[in-house]
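Inspection log for the structure reproduced underneath, given as structure tokens.
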Amino acid sequence: MTGSLKFAAVGTVVAQRTFPALDREDLRRYAEASGDQNPLHLETAFARGAGFDDVIVHGMLGMALLGRLLDEAFPAQPLLHFRSRFRNVIPVGRAIVCKATLTASDGGVADLALAAATEGGPVAIEGSARLLVENIA
Amino acid sequence: MAIDRQFIGYSLPPFTVTVERERLRQFAVAIGGWSSGGDEDRAPPTYLKVIEGEDNSSRKILAALGVDLRRVLHAEQEFEFHAPYRAGDRLAVERTVSNIYERKAGELEFVVVDTLIRQSSGALVARTQQVILVRNAAPVTT
């Protein structure tokens with residue numbers, strides 16, 4: 001994949017992967033590992049009290065999937081910048097489609113637009129990343 | 001309830017975090033796997049959020065601002081990577097509320113928290129920005 005970013009045309013989808021649905025156990029594990037114990041992700045009653053049908057996936061867990069997409073597709077390209085806007089909640093039990101599109105490539109860096117959407121549903125995370133394409137030693 | 005704009009500029013006392021290999025391993029499992037390029041001391045990019053959230057720092061900021069946790073959602077997160085870090089490093093974390101603004105006539109308020117993460121030498125590892133959405137109009141029940 002190393003050459004693909006350098007020579008890809010702007011507008012090309014340069015990486016895409018569907019991650020399997022997350023369940024409550026995944027959220028419990030992420031809460032423990034990340035330290036984000038917000039009950040919105042762990043307790044159904046709390047999530048309902050906050051206006052949701054059930055517990056929702058940590059936004060940062062969705063962003064971590066985008067990070068995995070980048071790492072797996074471009075392992076040799078260091079990440080310079082990584083941003084996410086959490087636009088819709090990710091429910092449990094739905095596969096998550098992650099996609100990276102090249103938006104600019106210039107001066108040894110590549111800019112990507114990122115999206116994570118629940119399968120058949122709305123875009124939950126809209127993001128961007130800047131990768132170093134050419135390491136000038 | 002509107003958040004007092006006097007909290008713009010509010011900083012938590014700086015704290016330090018030692019990056020632990022076992023925590024990195026647990027985090028890698030929790031995100032469903034991480035290749036780490038064969039280097040188990042290398043963290044996934046979003047691990048910076050764990051570092052900045054140590055010392056219960058996000059909850060401390062919300063508590064200082066008087067925000068009800070049930071009204072809060074994570075709106076945005078941004079990482080600017082300056083230098084790598086690895087397990088064993090001791091990092092200094094400084095978090096500051098850089099802005100508070102509203103939308104929809106105060107129905108929604110946004111709290112922007114800027115964070116600097118440095119090596120103990122002072123060298124910058126990362127700048128991050130977290131935007132917290134406070135849903136003032138949301139019906140919350142206990």
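Read-outs throughout are calculated quantities, based only on the coordinates presented, and are distinct from any laboratory measurement. Quick caveat, the model's predicted, so the values are computed rather than measured. FYI the Cβ positions are ideal-geometry reconstructions off the backbone, even for glycines, and counts take in every protein chain you see.
What the table below lists for this structure:
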item: Between 0 and 90°, nearest 10: helix B:21-30 axis offset from chain B longest Cα axis; result: 60 degrees
item: Residue A:44 paired with residue B:129, simple spin-label distance in nm, labels 7 Å along Cα-to-beta-carbon; result: 3.9 nm
item: In the stretch B:31-131, trypsin sites (Lys or Arg not before Pro) in a DSSP loop with at most 16 other beta-carbon atoms within 10 Å; result: B:86
item: Rounded FRET efficiency, nearest 0.05, which uses the C-beta distance separating residue A:24 from residue A:4 and R0 of 45 Å; result: 0.75
item: Gained length - residue B:6 relative to residue B:39, 0.36 nm times residue gap less alpha-carbon distance; result: 7.4 nm
item: Gain in span if fully extended, residue B:90 to residue B:69, counting 0.36 nm per residue against the direct Cα distance; result: 4.6 nm
item: Helix-only [θ]222 nm of the protein assembly as shown, DSSP H runs n ≥ 4, -39500 (n - 2.57) each, per residue, nearest 500; result: -6500 deg cm²/dmol
item: Relative contact order (%) - chain A, alpha-carbon pairs under 8 angstrom, separation at least six; result: 29 percent
item: Candidates B:131, B:112, B:72, ranked by Gaussian network fluctuation over chain B, Cα under 10 Å, top entry; result: B:72
item: Calculated FRET efficiency for the pair residue A:103/residue B:104, C-beta based, R₀ 25 Å, to 0.05; result: 0.25
item: Separation between Cα centres of the stretch B:101-142 and the stretch A:35-104, rounded to whole Å; result: 17 Å
item: Within the stretch A:1-40: backbone nitrogen closer than 16 Å to the residue A:53 label point (7 Å, Cα to C-beta); result: A:21-24
item: Averaged over B:58-67, number of beta-carbon atoms from partner chains that fall within 10 Å; result: 1
item: Residue-by-residue Karplus 3J(HN,Hα) for the stretch A:21-33, coefficients 6.51, -1.76, 1.60, Hz, glycine and proline x; result: 4, 9, 10, 4, 5, 4, 5, 4, 5, 5, 4, 5, 6
item: Phi-based couplings in Hz for the stretch A:64-71 (Karplus 6.51, -1.76, 1.60; Gly and Pro marked x); result: 5, 5, 4, x, 5, 4, 5, 5
item: For residue A:109, residues with placed amide H under 5 Å, excluding near neighbours; result: A:133
item: Sparsely packed trypsin sites (Lys or Arg not before Pro) within the stretch A:6-41, loop by DSSP, other Cβ within 10 Å at most 10; result: none
item: Within chain B, longest stretch clear of exposed GluC sites (Glu not before Pro) (DSSP loop, no more than 16 other Cβ within 10 Å); result: B:41-106
item: GluC sites (Glu not before Pro), loop per DSSP, at most 16 other Cβ atoms within 10 Å - longest free stretch of chain A; result: A:44-118
